[in-house]
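Here is the structure we will look at.
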Amino acid sequence: MSTSPQKNDVIRLNIEGMTSEGSAVGRHNSFTVFVPNGAIGDVIDCRIIKVKKNYAIGKIERIISPSPDRIESDCPVSFSCGGCTYRHIDYEAQLRIKRQMVEDAFRRIGGIQIDVNPVMPSPEINGYRNKAQFPVREENGEIKIGFFAPRSHRIIECGGICRLQPEQFGEIVNEVRSWMQEGKIKAYDESTGKGLVRHIYLRKGFATGEIMLCLVLNGNLKEKDKAQLIKRITEKHDSVKSICLNKNTRDTNVILGDDFELIYGEKAIGDRLGDLEIKLPPEVFYQINKEQAERLYKKAAELASLKGGETLMDLYCGTGTIGLFMIKEAMKESANTGSTPIKLIGVEVVEESVKTARENAKMNGINNTEFICATAEKAAEILLQRGDIPDVLVIDPPRKGCTPELIDTIAKMNPERIVYISCDCATLARDAAIFKEKGYALHTPTPVDMFPHTPHVECVTLMSRIEE
């Protein structure tokens, strides 16, 4: 029987593993203790700050013997902001941790013993994020811009600088800060619901260099302040091709409201994924790490093995990038074979994303497409009823994975191959076990490191129909 430590106890702990949230794990008299900012192989003295029935949470008081994987963090706020959970861990060790996490998920959650490919490393481990959202608040009369500390709404001021993002983002953030200070424009106060600027939202097309600036506001901005913002930003940052305002007056943790106002430039910026030209309005989903997204999509296209003439169905298509990218790859492979066009049916619940997907298809000369605005579950049922049976189905669901109803409908469609892209290996493992029961064989999964220095890992795998 394990003896639990008490709050404020200082205990000696050997770090043996990592959680999916990035905390280190050790055991004290068989009692599990979670500790932020640890590394596998550390021997630490740890102060207990919280005790629950089955576990405790501690913080490092002293590192007795550092892990061989431990390195010096090159960010002054990495231990407090919570964004770069692994910045103190060598990159090769990060990849080993993520591979182990995927293997553990399939074994423990899916009950599936399967080899997992080595994690596909990111070409860039700093400056790779093409989108950033900075909360803006006022504390003691000062504007604070940074990131929320873990499990709180306390801002960790970063001076506009984050090593995961392009340097330009920090420069633009600090230009907005100066504009607010000089114009006496108030930051949002959550406790009172007053103040104007809630978030600074930036997006960059890495292939084009185009940047979008969007301010999330708790109300309306005066015309003179709009004009001054446009003047300040565009005079110093000619890469900014779009400035828009988003209105969000709700008491909510959701960052964006429904109303956008374009005050400068184009509504969408451009980017390229491989040979695919794309447009990006502010509200649509787009993979954070462009270079790694290309490698992920190439792997997905390889698993889909499209030859021409098939029907490809994408049930969480967003702006159509995955399906359109796959078709572009297949067109390259079959350029000299004269094969019949692939039909793409995309499904997405966000109306603006569906509109953008249609525009992206047209811009890239891909005509045999249909994009439907509906939930994946509803659209899949409609498509089944009308007899649209895919040869290949690609799914890239949110973190919660697929619903049982959707998996049932997919199984009735009976596609030959299912390419599953997942941002949560736990729900992927769960869903893979259900697809296995429905008659699909799981092939070797490939983890993809889309988010270096964080505990997140993407994964792509193929499930093929077992022929009786």
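Would you mention how many residues in the stretch 377-403 are assigned to a helix (DSSP H, G or I) and touching a Phe, Trp or Tyr at 6+ places or on another chain (Cβ under 6 Å)?
0
Go through V284, V354 for me and flag whichever is under 28 Å from P123 (Cα atoms) and either of a type in the set (A, V, I, L, M) or outside any loop (DSSP other than H, G, I, E, B) (or both).
Step by step, each of V284, V354 is checked, and only V284 is under 28 Å from P123 (Cα atoms) and either of a type in the set (A, V, I, L, M) or outside any loop (DSSP other than H, G, I, E, B) (or both).
Which condition number in (1) buried (at least 20 other Cβ atoms within 10 Å of the Cβ); (2) under 25 Å from the mean Cα position of the chain (by Cα); (3) outside any strand (DSSP E or B) is the one that A132 fails?
Condition not satisfied by A132: (3).
Within the stretch 404-424, track down each residue that is within 17 Å of Q287 (Cβ to Cβ) and either β-branched (V, I, T) or outside any strand (DSSP E or B) (or both).
V419, I421, C423, D424
Only one of these conditions is not met by N368: (1) buried (at least 17 other Cβ atoms within 10 Å of the Cβ); (2) under 24 Å from L280 (Cα atoms). Which number is it?
With respect to (1) buried (at least 17 other Cβ atoms within 10 Å of the Cβ); (2) under 24 Å from L280 (Cα atoms), N368 is out only on (1).
Report every pair of residues separated by at least 6 positions or lying on different chains whose Cβ atoms are under 6 Å apart, first residue within the stretch 198-216 and without any contact (Cβ under 8 Å) to a residue 12 or more places away in the chain, second among the hydroxyl-bearing types (S, T, Y).
The qualifying pairs do not exist here.
Pick out the one residue from D449, D424 that is surrounded by 24 or more Cβ atoms within 10 Å (Cβ to Cβ) and modelled with pLDDT of 95 or more.
Criteria check complete, one pass: D449.
Taking the stretch 73-98 only, how many residues are over 30 Å from H153 (Cβ atoms) and either β-branched (V, I, T) or buried (at least 19 other Cβ atoms within 10 Å of the Cβ) (or both)?
The number of residues fulfilling the criteria is 2.
Could you tell me which of the residues E291, E277 is under 27 Å from H453 (Cβ atoms) and surrounded by fewer than 23 Cβ atoms within 10 Å (Cβ to Cβ)?
Being under 27 Å from H453 (Cβ atoms) and surrounded by fewer than 23 Cβ atoms within 10 Å (Cβ to Cβ) holds for just one of E291, E277, which is E291.
So, in the stretch 437-468, exactly how many residues are of a type in the set (V, I, T) and within 19 Å of G17 (Cα to Cα)?
2
Provide a single number: the residues in the stretch 384-406 that are surrounded by fewer than 22 Cβ atoms within 10 Å (Cβ to Cβ) and either of a type in the set (V, I, T) or over 23 Å from the mean Cα position of the chain (by Cα) (or both).
Looking only at that region, the number is 10.
What are the residue pairs meeting all of these: first residue in the stretch 151-165, first residue more than 20 Å from S23 (Cβ to Cβ) and outside any loop (DSSP other than H, G, I, E, B), second residue at pLDDT 85 or above and among the β-branched types (V, I, T), Cβ atoms under 8 Å, and 6 or more apart or on different chains?
I155/I145; E157/V77; E157/I145
Only one of I255, I263 is more than 23 Å from N360 (Cα to Cα) and touching a His at 6+ places or on another chain (Cβ under 7 Å); which?
Just one listed residue meets the conditions, I255.
Please enumerate the residues belonging to the stretch 251-273 that are under 27 Å from V457 (Cβ atoms) and crowded, with 17+ Cβ neighbours inside 10 Å.
Those that are under 27 Å from V457 (Cβ atoms) and crowded, with 17+ Cβ neighbours inside 10 Å: L256, D271, L273.
Can you confirm whether R47 is among the basic types (K, R), in contact with a His (Cβ under 9 Å, 6 or more places away or on another chain) and either more than 28 Å from P5 (Cα to Cα) or buried (at least 16 other Cβ atoms within 10 Å of the Cβ) (or both)?
For R47, the condition - among the basic types (K, R), in contact with a His (Cβ under 9 Å, 6 or more places away or on another chain) and either more than 28 Å from P5 (Cα to Cα) or buried (at least 16 other Cβ atoms within 10 Å of the Cβ) (or both) - is not met.
The values are calculated or read from the model by the stated rules, or taken from the named source; none is laboratory data. Given the structure is predicted, the values throughout are model-derived calculations rather than measurements. Every residue, glycine as well, gets a Cβ built from its backbone with ideal geometry; the counts of neighbours run over all protein chains shown.
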